[in-house]
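The values are calculated or read from the model by the stated rules, or taken from the named source; none is laboratory data. Predicted model, so just to flag it, every value in this text is computed and none were measured. Methodologically, a virtual Cβ is constructed for each residue, glycine included, from the backbone with ideal geometry; neighbour enumeration extends over all protein chains shown. Remember, those area values only see protein heavy atoms, side chains included, never the ligands or the DNA or RNA. Shrake-Rupley method; radii C 1.70, N 1.55, O 1.52, S 1.80 Å.
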Amino acid sequence: SLSLVLAQLQDELQNRKQPIESIEEKALDRLIACESGKNEFAVNTEDAKITGWNSYGILQYQPKTLLMAGKRYGLLPQSFTLKEILAMRFNSSFQKEVARNLLADGEWRHWRTCSIKTGMNLVAFNY
């Protein structure tokens with residue numbers, strides 16, 4: 001339950017049993033489990049009914065979001081194209097790095113439902 005997740009995160013933060021990065025990675029792992037069941041090849045076709053695009057991978061990014069965020073954080077060259085991002089839409093390492101940057105900027109709302117379910121919206125990310 002959400003209250004149990006929040007209690008665990010609060011306990012870890014207060015007792016500093018693990019480095020902050022480890023706590024952040026644990027929270028990111030919970031988000032991944034919620035978004036895709038940790039399936040790196042997950043595809044959500046329901047999103048296409050709303051936005052016109054499927055969501056892909058462990059963090060269920062839509063291609064345009066992944067492209068824009070990758071460029072915003074300097075993870076991709078500005079010349080990178082939508083066709084090129086589609087070719088790497090299942091790259092879990094890249095998806096995680098984009099997520100770390102988004103979360104460090106407080107952008108948990110990208111994963112609104114799972115962020116609330118897992119308590120991500122209450123975790124301060126300091127990547």
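Just a few scattered comments:
- Any chance I58 is outside any helix (DSSP H, G or I), touching a helix residue (DSSP H, G or I) at 6+ places or on another chain (Cβ under 6 Å) and either β-branched (V, I, T) or open to solvent by 50 Å² or more (accessible area, probe 1.4 Å) (or both): yes
- Restricting region 66-111 to residues that are aromatic (F, W, Y) and within 15 Å of E35 (Cα to Cα), the residue that is modelled with the lowest pLDDT: W108
- Members of region 17-52 that are modelled with pLDDT under 95, open to solvent by 70 Å² or more (accessible area, probe 1.4 Å) and not in a helix (DSSP H, G or I): K17, P19
- Any hit, region 76-91, residues being of a type in the set (A, V, I, L, M, F, W, C), closer than 21 Å to L31 by Cα and crowded, with 20+ Cβ neighbours inside 10 Å: no
- Only one of E40, E107, E25, E46 that is of a type outside the set (F, W, Y) and over 13 Å from the mean Cα position of the chain (by Cα): E46
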